[in-house]
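Asker: One structure is given below, represented as structure tokens, and several questions about it will come after.
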Amino acid sequence: MTILPPGLDLPSAETSAFGLIRGLKGHSRSWSDLVAHAQLVITYYQELPANQITRLYDICEASPLVAASRILDAVSMPESELPESERQDWALLGLLAFGMWGNFLSASAMKTRLTASTLSRPVTAAIVATCTPQLAHDF
């Protein structure tokens with residue numbers, strides 16, 4: 001997709017995220033850098049005109065969003081050693097990213113990382129119900 005800024009190395013960012021989770025040496029990128037990449041991608045896709053949304057059905061077009069959702073998946077894992085409150089925020093954003101490209105099953109899996117207190121917020125319930133339509137009856 002040509003809407004993303006040049007020089008954004010998402011494959012490397014995704015690899016680094018999972019390297020950090022697994023404790024592999026040689027991954028010098030920080031969680032904040034990786035999350036910034038993911039947030040940037042989501043921001044660009046949010047600006048996609050409504051008449052072009054169907055482009056996300058093409059995995060080649062959606063691949064940056066796929067990478068962003070996987071990065072957020074990694075950062076929301078307990079192995080990231082980030083505080084629980086931050087991991088909750090990243091899990092919700094990851095759920096949203098998976099939902100944006102129609103991967104509702106992965107979005108549902110991300111929902112399992114959210115605590116009851118996070119899910120009890122009305123705005124969170126609306127996001128989860130939108131991104132996991134098969135679970136909308138729970139809200």
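Asker: Just to confirm a number: summing +1 for Lys and Arg and -1 for Asp and Glu over residues other than Ala109 whose beta-carbon lies under 14 angstrom from that of Ala109, what do you get?
Answerer: That sum, taken over residues with Cβ under 14 Å, equals +2.
Asker: Now a separate question. Tell me the mean residue ellipticity at 222 nm calculated for the chain from its helices only (DSSP H runs of n ≥ 4, each -39500 (n - 2.57), averaged over every residue, nearest 500).
Answerer: -19000 deg cm²/dmol
Asker: Which of the trypsin sites (Lys or Arg not before Pro) across segment 1-68 are loop residues per DSSP, with 14 or fewer other Cβ within 10 Å?
Answerer: Counting only loop positions with at most 14 other Cβ atoms within 10 Å, the trypsin sites (Lys or Arg not before Pro) in segment 1-68 are Arg22, Lys25.
Asker: Once the piece of chain linking Ala129 and Glu81 is laid out straight, how much longer is it, given 0.36 nm per residue of separation minus the C-alpha distance between them?
Answerer: Residue separation times 0.36 nm, minus the Cα-Cα distance, leaves 14.5 nm.
Asker: If R₀ is 25 angstrom, what is the calculated FRET efficiency for the pair Ser30 and Ser117, using the beta carbon separation as r and rounding to 0.05?
Answerer: 0.35
Asker: Per 0.36 nm of contour for each residue apart, how much would the distance between Cys60 and Ser12 grow if the chain were fully extended, relative to their Cα-Cα spacing?
Answerer: Extending this stretch completely gives an extra 15.6 nm.
Asker: Now, a different point. Going by how many other Cβ atoms sit within 10 Å of their own, how do Asp73, Asp58 line up, fewest first?
Answerer: Least crowded to most crowded, the residues run Asp58, Asp73.
Each reported figure results from applying straightforward, stated rules to the coordinates on display, with no laboratory input. Small disclaimer: the values here were computed from a predicted structure and weren't measured. Cβ atoms come from the backbone with ideal geometry, glycine included; neighbour counts cover every protein chain shown.
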